[in-house]
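One structure is given below, encoded as C-alpha cells.
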Amino acid sequence: MNRNILHLLLFIAASLTLVACQETLEERCAREARTYTEKKCPTLITEGVMLDSLTFQQSTHTLSYCYTASDLFDDAQMYIDKDVRGMLLKAVKNEPEMKLYKEAGYNFRYVYYSKKKSGTKLFDTTFRPKDYQ
C-alpha cells in the first residue's frame, strides 16, 4: 500500500509540474516579444528603418512594432503617398509566423518615429481582426 501512495504522490507531483510549466498564449506572446527585443533589437530592417522594440500589451492583446525611420523614410507624407498601411496589412495577412496570434484575434500595431526629430511619430496604425481576416 505504501508503494501505491508513493506512485500516487509522484503522479500528482508530475501533473502539477506539467501544469505549472504551461503558459498561456498571452504569456507566450509577452515572453517572445521581450526576448526578441532583448536579443535582436535594434535591428536594421532596411536602409532607413530600424526596429527598436517589439512589445505586447496583454490588456488589449496588441503586439506593437516600434521603428525609427531615417533618410527617405523620415517623412510622414511618404507613409501616406506610398500606402504603407496597405503594404503592412498585406504582410500581416500573409505572415505565417503570426498565424497563432491572428487565430486568437490579436491586434498588430506599427509605429514609426523620426530619427531627425526624436520622439516625433511619423506613422501609427493598428490592425484588428476585422482588418486582416
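If I filter segment 117-133 down to residues being assigned to a strand (DSSP E or B), in contact (Cβ under 8 Å) with a residue 24 or more places away in the chain and not β-branched (Val, Ile, Thr), which single residue comes out as nearest to residue 62 (Cα to Cα)? First the steps, then the outcome.
Restricting attention to segment 117-133, the residues satisfying the condition of being assigned to a strand (DSSP E or B) are 121-127.
Of the ones still in play, those that are also in contact (Cβ under 8 Å) with a residue 24 or more places away in the chain are 122-123, 125-127.
After this cut, where a residue has to be not β-branched (Val, Ile, Thr) as well, the list is 122-123, 127.
On the way: 122: 20, 123: 17, 127: 9 Å.
Applying the filter and picking the extreme gives 127.
A quick yes/no check of all residues on (1) under 18 Å from residue 25 (Cα atoms); (2) modelled with pLDDT under 95; (3) over 14 Å from the mean Cα position of the chain (by Cα):
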| site | (1), (2), (3) |
| --- | --- |
| 50 | no, no, yes |
| 56 | yes, no, no |
| 64 | yes, no, no |
| 92 | no, no, no |
| 102 | yes, no, no |
| 106 | yes, no, no |
| 114 | no, no, yes |
| 120 | no, no, yes |
| 124 | no, no, yes |
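When segment 99-116 is examined, which residues are found to be in contact (Cβ under 8 Å) with a residue 24 or more places away in the chain and in a helix (DSSP H, G or I)?
Taking segment 99-116 and keeping what is in contact (Cβ under 8 Å) with a residue 24 or more places away in the chain, we get 100-102, 104-116.
The answer is 100, 101, 102.
Anything in segment 54-88 that is without any contact (Cβ under 8 Å) to a residue 60 or more places away in the chain, under 24 Å from residue 38 (Cα atoms) and of a type in the set (S, T, N, Q)? List them, or say none.
Within segment 54-88, 55, 57, 58, 59, 60, 64, 68, 70 meet the criteria.
How many residues does segment 37-59 hold that are under 19 Å from residue 102 (Cα atoms) and surrounded by 13 or more Cβ atoms within 10 Å (Cβ to Cβ)?
Matching residues across segment 37-59 total 4.
Here is a check on your reading of the model: is residue 51 part of a helix (DSSP H, G or I), within 24 Å of residue 35 (Cβ to Cβ) and touching a strand residue (DSSP E or B) at 6+ places or on another chain (Cβ under 9 Å)? Let's see the steps before the verdict.
Values: part of a helix (DSSP H, G or I): no; within 24 Å of residue 35 (Cβ to Cβ): yes; touching a strand residue (DSSP E or B) at 6+ places or on another chain (Cβ under 9 Å): yes.
Criteria not met by residue 51.
The values are calculated or read from the model by the stated rules, or taken from the named source; none is laboratory data. In this text the structure is predicted, and so the values were computed from the model without any measurement. For neighbour counting, all protein chains shown are included, and Cβ atoms are generated from backbone atoms with ideal geometry for every residue, glycine included.
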